[in-house]
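The values are calculated or read from the model by the stated rules, or taken from the named source; none is laboratory data. For clarity, every value in this text was computed on a predicted model and none was experimentally measured. A quick note on method: Cβ atoms are made from the backbone with ideal geometry, for glycine too, and the neighbour counts reach across all protein chains shown.
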Amino acid sequence: MGRPGPGSWTPRNRIFRTGIQDAAYPRISLIPMSVQELYLRYQSVLRPLLRISPLLGGGVILFWRIRETRVPLTRKAIIIPPLGMSTGFFMFISPAMRVPWSWAVISLLLGAVVLSYPLLRSSRLELRDGVVYMQRSRSFLAILLGLLAVRLLLHDYIGHLISPLQTAAVFYLLAFGMIVRWRVGLFAAFQRLSSGPIP
């Protein structure tokens, strides 16, 4: 079989390469690109996305908070957000996302002990007609903006010490610790206020 013409499809266009080497094509592997290789290839797009991820996370928290002042709060509504967020731990399957254990523990504790405190202080529950609602708080938005500013400042500092992918992992752990502690506090407050069968 002759070689393909200049306009024809060639193995060089394939994502998963064949591992066959001849005079025309370099040796290539069947193994797909790693997370690190994908990041290096698309870093012009991924770097800005990683940079604004704290803003997206803050928007999600604000959405939760506003919704919970308008609809009755249930145990399920309190528990689902941290459970859904926990799926992010699958990122650590990739070696490029892993950080030292000390960094991981400090990030979780910082989120759970420090950053969650203002959220807990500004999140109060109340009974209305026998069901539990979140109280409206004028200070919540200011507190959330302050937390975002702190996270962005920390992001700039930590980004000079470790890779962008590791920085994203650290801030995931920071946010996870904050969300889990916040929701645990809400669950305890809900249990004190509610009575009867589970909503």
Filtered residues of the range 121-147 (kept if assigned to a helix (DSSP H, G or I) and surrounded by fewer than 16 Cβ atoms within 10 Å (Cβ to Cβ)): Arg121, Ser139, Leu141, Ala142, Leu145, Gly146
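Against the condition over 19 Å from Phe190 (Cβ atoms) and either modelled with pLDDT of 85 or more or part of a loop (DSSP other than H, G, I, E, B) (or both), how does Leu152 come out, does it pass? It would help to see each step written out before you state the result.
Values: over 19 Å from Phe190 (Cβ atoms): yes; either modelled with pLDDT of 85 or more or part of a loop (DSSP other than H, G, I, E, B) (or both): no.
Here the answer is no, as Leu152 does not meet what is asked.
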Odd one out for Val170, checked against (1) more than 15 Å from the chain's Cα centre (by Cα); (2) surrounded by 19 or more Cβ atoms within 10 Å (Cβ to Cβ): (1)
Subset of the range 138-188 that is small (Gly, Ala, Ser) and touching a residue at least 24 places away in the same chain (Cβ under 8 Å) - its residue that is farthest from Gly88 (Cα to Cα): Gly146
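Is it the case that Arg41 is surrounded by 15 or more Cβ atoms within 10 Å (Cβ to Cβ), at pLDDT below 85 and either more than 30 Å from Val132 (Cα to Cα) or not assigned by TED's automatic domain parsing to the domain that holds Ser137 (or both)? Reasoning before the result, please.
On the way: surrounded by 15 or more Cβ atoms within 10 Å (Cβ to Cβ): no; at pLDDT below 85: yes; either more than 30 Å from Val132 (Cα to Cα) or not assigned by TED's automatic domain parsing to the domain that holds Ser137 (or both): yes.
Here the answer is no, as Arg41 does not meet what is asked.
Looking only at residues in the range 92-120 that are over 17 Å from the mean Cα position of the chain (by Cα) and farther than 18 Å from Thr167 by Cβ, which one is surrounded by the fewest Cβ atoms within 10 Å (Cβ to Cβ)?
Our first condition is that a residue be over 17 Å from the mean Cα position of the chain (by Cα); within the range 92-120, this holds for 95, 100-102, 113-114, 117-120.
Next, from what is left, pick out any that are farther than 18 Å from Thr167 by Cβ: 113-114, 117-120.
Values: Val113: 12, Val114: 15, Tyr117: 15, Pro118: 18, Leu119: 21, Leu120: 16.
Among them, the one singled out is Val113.
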